[in-house]
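Working notes for the structure below.
The values are calculated or read from the model by the stated rules, or taken from the named source; none is laboratory data. A quick note: this is a predicted structure, and the numbers were derived from the prediction, not measured. Note that each Cβ is placed from the backbone with ideal geometry, even for glycine, and that neighbours are counted across all protein chains shown.
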Amino acid sequence: MARRPAPPRWAWGLVVLASLAPVSATGHDLWILAGQYHLEPFETTRVFINNGDLFPESLTLLGQHRVTALALHGPTETRPISEFRVEDKSLSFEISPTKAGSHVIALSTRPRRVRLKAKEFNEYLDDSGLESILATREELSESGTPAVERYTKWAKALIDVGEPEADEEKPAWSKPVGHTIEIVPDANPNELTAGGSFGLRVLYEGEPLAGVAVAGGKAGGAAGEVLTRTDADGHANVTILSSGRWYLRAIHMIQRKDDPEVRWESFWCTLTFEVR
């Protein structure tokens, strides 16, 4: 099973991270990577949907049939996106925002299902910091049995267009888009400078999610440069050490008791932005 480079074992004390899919598919993050994160009104940029282990390289192509919703959320309207182009192992599309202010590109995908051997699943949980799920499997005497997992992935990218409008009381970066799981910052990370910090919330089904991992890193940087966990209010703080394009990721897993075909379900989300 292909995996992203794992942070050191001690660091995970700070963290939690439907047709049958290849085992390696669960190990890939899904990112939206914009050609430019800072635009002028009516300026065009190409955007890429990448699947991979090391940001921002794409290792596998996300099939267009997997996309259930893709839209550009702006200050006054939401524009669906439906035209794509395949470029190597990426789906790509163009955006041309017309109004100044914060914009969010938001992607939802179809769930997929994977069956893993006991050792593979346990190693996947262990490498991902999901010790609570490992403990639950042990309590259920399932540590030695194969596992069927359903996973779904969501992704967002923050785009700044021109200068923020003076009357933009609730900019797009600060508003949830309605994903099952999503990262919502307390401040616009595109406006940070190197060494700056900002707070964020992780929401699951619209409510704060406590105790979930928030991990991330910089394009071309080492894995695990950001590594923290939400508090009881679903809140965490992160520090961005240098300029460049960054991503954050959160993964939540639950035991599924109402589906005889699926024992575990995971929910993945990412957020990308650029610090100049």
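Note down all Cβ pairs under 9 Å where the first residue falls in the stretch 103-125 and is over 20 Å from THR152 (Cβ atoms), the second is of a type in the set (S, T, N, Q), and they're at least six residues apart or on different chains.
Once the first residue is over 20 Å from THR152 (Cβ atoms) and sits in the stretch 103-125, its partners that are of a type in the set (S, T, N, Q) give ALA118/SER143; ALA118/THR145; ASN122/SER143.
With respect to ILE240, determine if the residue is over 23 Å from ASP160 (Cα atoms) and either of a type in the set (Val, Ile, Thr) or modelled with pLDDT under 95 (or both). Can you show your working first?
Numbers: over 23 Å from ASP160 (Cα atoms): no; either of a type in the set (Val, Ile, Thr) or modelled with pLDDT under 95 (or both): yes.
For ILE240, the condition - over 23 Å from ASP160 (Cα atoms) and either of a type in the set (Val, Ile, Thr) or modelled with pLDDT under 95 (or both) - is not met.
Suppose the filter is surrounded by 15 or more Cβ atoms within 10 Å (Cβ to Cβ) and within 27 Å of ASP258 (Cβ to Cβ); does GLU182 pass it? Give the derivation first.
Numbers: surrounded by 15 or more Cβ atoms within 10 Å (Cβ to Cβ): yes; within 27 Å of ASP258 (Cβ to Cβ): yes.
Yes: the conditions hold for GLU182.
Yes/no per residue for (1) buried (at least 18 other Cβ atoms within 10 Å of the Cβ); (2) touching a strand residue (DSSP E or B) at 6+ places or on another chain (Cβ under 8 Å); (3) over 27 Å from GLY224 (Cα atoms):
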site: ARG66; (1), (2), (3): yes, yes, yes
site: THR78; (1), (2), (3): no, yes, yes
site: ILE105; (1), (2), (3): yes, yes, no
site: PHE121; (1), (2), (3): yes, yes, no
site: SER132; (1), (2), (3): no, no, no
site: GLY144; (1), (2), (3): no, no, yes
site: ALA157; (1), (2), (3): yes, yes, no
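Looking at GLU261, GLU265, GLU207, can you tell me which residue is acidic (Asp, Glu) and within 21 Å of VAL104 (Cα to Cα)?
GLU207
Regarding the stretch 100-118, can at least one residue be identified that is in a loop (DSSP other than H, G, I, E, B) and touching a Pro at 6+ places or on another chain (Cβ under 9 Å)? Step through it out loud before you land on a result.
Filtering the stretch 100-118 down to residues in a loop (DSSP other than H, G, I, E, B) leaves 100, 110-111, 117.
Filter once more, so that each one left must be touching a Pro at 6+ places or on another chain (Cβ under 9 Å): 100, 117.
Looking through the stretch 100-118, at least one residue is in a loop (DSSP other than H, G, I, E, B) and touching a Pro at 6+ places or on another chain (Cβ under 9 Å).
Pull up the stretch 49-64, narrow it to residues that are buried (at least 18 other Cβ atoms within 10 Å of the Cβ) and of a type outside the set (Phe, Trp, Tyr), then point me to the one that is nearest to GLY216 (Cα to Cα).
Residues of the stretch 49-64 that are buried (at least 18 other Cβ atoms within 10 Å of the Cβ), as a first pass: 49-52, 55-56, 58, 62.
Restricting the remaining residues to those that are of a type outside the set (Phe, Trp, Tyr) gives 49-52, 56, 58, 62.
Values: ILE49: 17, ASN50: 15, ASN51: 15, GLY52: 13, PRO56: 11, SER58: 16, LEU62: 21 Å.
Here the answer is PRO56.
Of (1) surrounded by 16 or more Cβ atoms within 10 Å (Cβ to Cβ); (2) of a type in the set (D, E, K, R); (3) within 27 Å of PHE48 (Cα to Cα), ARG263 satisfies all except one. Which?
Single failed check for ARG263: (3).
Quickly run through the stretch 159-202 and pick out the residues that are farther than 25 Å from GLU225 by Cβ and outside any loop (DSSP other than H, G, I, E, B). Walk me through it before giving the result.
Applying the first criterion (farther than 25 Å from GLU225 by Cβ) to the stretch 159-202 yields 161-172, 175-178, 180.
Across the stretch 159-202, the qualifying residues are VAL161, ALA172.
Suppose we filter the stretch 232-259 for residues that are touching a strand residue (DSSP E or B) at 6+ places or on another chain (Cβ under 9 Å), outside any strand (DSSP E or B) and not aliphatic (A, V, I, L, M); how many remain? Can you show your working first?
Within the stretch 232-259, the subset touching a strand residue (DSSP E or B) at 6+ places or on another chain (Cβ under 9 Å) is 232-256, 259.
Narrowing the set further to residues that are outside any strand (DSSP E or B) leaves 232-234, 240-243, 256, 259.
The next check asks that each one be not aliphatic (A, V, I, L, M); those that pass are 233-234, 242-243, 256, 259.
Residues flagged as touching a strand residue (DSSP E or B) at 6+ places or on another chain (Cβ under 9 Å), outside any strand (DSSP E or B) and not aliphatic (A, V, I, L, M) within the stretch 232-259 amount to 6.
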